[in-house]
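The block underneath contains the structure these notes are about, expressed in structure tokens.
The values are calculated or read from the model by the stated rules, or taken from the named source; none is laboratory data. What you are looking at is a predicted structure, and each value in this text was computed from that prediction instead of being measured. Cβ placement follows ideal geometry from the backbone for every residue including glycine, while neighbour counts extend to all protein chains displayed. Quick note on the areas: whole protein, heavy atoms, side chains included, nothing else; ligands and nucleic acids left out. Shrake-Rupley method; radii C 1.70, N 1.55, O 1.52, S 1.80 Å.
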Amino acid sequence: MTRHAIVTGASRGIGRAIALGLAERGYDLALTDISPQQATLEAVAGEVAERGRRCVTILADVSDPEDCRRSAAEAVRGLGHVDALVNNAGILKLASIEELTPALWDATLAVNARGVFQMTQALIPHMRERRYGRIVNIASLAARTGGPGQSHYAASKSAVVGFTRVSSMELGQYGITVNAVCPGIIQTEMGMNNLRDPERVAYFEKVTDLHRLGNPEDVVGPVAFFASDDSAFVTGQALNVDGGIFYS
Ligand SMILES: NC(=O)c1ccc[n+]([C@@H]2O[C@H](COP(=O)([O-])OP(=O)(O)OC[C@H]3O[C@@H](n4cnc5c(N)ncnc54)[C@H](O)[C@@H]3O)[C@@H](O)[C@H]2O)c1
């Protein structure tokens, strides 16, 4: 049976790489992103189609509970069933704690943490009925350490790791596994927050065991593992995908 997955925030960066990587592994896909990303989302859908897989695109904001319910319903209707949910959508706007506003704190938690909860909740009835599900949450190295200007982001990603653990406890009885991936320094538009200063780049290369930055494609294998039957007895885990970084 062909496997089907939903990937949120799939129009660029890590989400796009996951979409193409899952397509290459034989998944049909439902890809979501916010409406300003419509053209790039459609371009990714075209790349999925070039790989011979079916692709549904859905414009939806993961911070909006109604959009999450609609995403789940449209994915199930468009694909027939959904095996895997990859909660990838995320935002990072740097601000020191002194500069941080309640609005930026709330917006960050709403997308990065509440979005994961809302998409998970929206898919549970379908996965529970089929007694099968693979949920993969994209957390971050920031859940372990974080960097200056990322207190709100680190809090949101720590929430994702905690939510992953309890989701695993609650959903295991229905054949649903829930795991998280914690990427390190990955070269994407978001990753540029860490990479504008050449000295920071040199520093990250030095403190990473593999002595290089990550590419979006580096995140794909671990996500595909958690989305597949190869990880059938693995749940509640958070795996660092960071090249072996010592962050100080
Ligand atoms: N790049 C890194 O170094 C890094 C490291 C650790 C974790 N991550 C995480 O990986 C994930 C992908 O990040 P990326 O580096 O590809 O970033 P990115 O900014 O390139 O892509 C994020 C995607 O999420 C989408 N998005 C933003 N808000 C959304 C919303 N409300 N609803 C739906 N989609 C929304 C964006 O439009 C974009 O397509 C994020 O969860 C991020 O926190 C990234």
Determine whether ALA107 is over 18 Å from ARG12 (Cα atoms) and either among the aromatic types (Phe, Trp, Tyr) or within 14 Å of the ligand (Cβ to nearest atom) (or both). yes
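Table: residues versus (1) crowded, with 21+ Cβ neighbours inside 10 Å; (2) touching a Phe, Trp or Tyr at 6+ places or on another chain (Cβ under 7 Å); (3) small (Gly, Ala, Ser).
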site: ARG130; (1), (2), (3): no, no, no
site: ARG134; (1), (2), (3): yes, yes, no
site: ALA139; (1), (2), (3): yes, no, yes
site: TYR153; (1), (2), (3): yes, no, no
site: SER156; (1), (2), (3): yes, no, yes
site: VAL161; (1), (2), (3): no, no, no
site: SER168; (1), (2), (3): no, no, yes
site: GLY172; (1), (2), (3): no, no, yes
Being within 11 Å of the ligand (Cβ to nearest atom), out of contact with any Ser or Thr (no Cβ under 8 Å at 6 or more places or on another chain), open to solvent by less than 20 Å² (accessible area, probe 1.4 Å) and hydroxyl-bearing (Ser, Thr, Tyr): is that true of SER71 here? no
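Okay, residues lined up against (1) over 22 Å from GLY90 (Cα atoms); (2) part of a loop (DSSP other than H, G, I, E, B):
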{"residue": "MET169", "(1), (2)": "yes, no"}
{"residue": "VAL181", "(1), (2)": "no, no"}
{"residue": "GLU189", "(1), (2)": "no, yes"}
{"residue": "ASN193", "(1), (2)": "no, no"}
{"residue": "TYR203", "(1), (2)": "yes, no"}
{"residue": "LYS206", "(1), (2)": "yes, no"}
{"residue": "ARG212", "(1), (2)": "yes, yes"}
{"residue": "ALA224", "(1), (2)": "no, no"}
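Taking the stated definitions as given, is GLN121 open to solvent by 70 Å² or more (accessible area, probe 1.4 Å), modelled with pLDDT of 95 or more and out of contact with any Cys (no Cβ under 9 Å at 6 or more places or on another chain)?
Details: open to solvent by 70 Å² or more (accessible area, probe 1.4 Å): yes; modelled with pLDDT of 95 or more: yes; out of contact with any Cys (no Cβ under 9 Å at 6 or more places or on another chain): no.
No; evaluated as a whole, the condition is false for this residue.
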When you scan region 23-43, how many residues do you find that are away from the ligand (no atom under 15 Å from the Cβ), open to solvent by less than 60 Å² (accessible area, probe 1.4 Å) and not in a strand (DSSP E or B)? 3
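Restricting the search to region 91-141, which residues are under 14 Å from the mean Cα position of the chain (by Cα) and of a type in the set (Gly, Ala, Ser)?
The first filter runs over region 91-141 and keeps only residues under 14 Å from the mean Cα position of the chain (by Cα), leaving 91-92, 111-120, 134-141.
Result: ALA113, GLY115, ALA139, SER140.
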Looking at VAL166, VAL136, VAL161 in this structure, which one is β-branched (Val, Ile, Thr) and within 19 Å of ILE18 (Cα to Cα)? VAL136
Of residues in region 169-190 being among the β-branched types (Val, Ile, Thr) and under 19 Å from ALA143 (Cα atoms), the one farthest from the ligand (Cβ to nearest atom): VAL178
Determine if region 196-208 includes at least one residue that is open to solvent by less than 10 Å² (accessible area, probe 1.4 Å), within 11 Å of the ligand (Cβ to nearest atom) and touching a residue at least 24 places away in the same chain (Cβ under 8 Å). yes
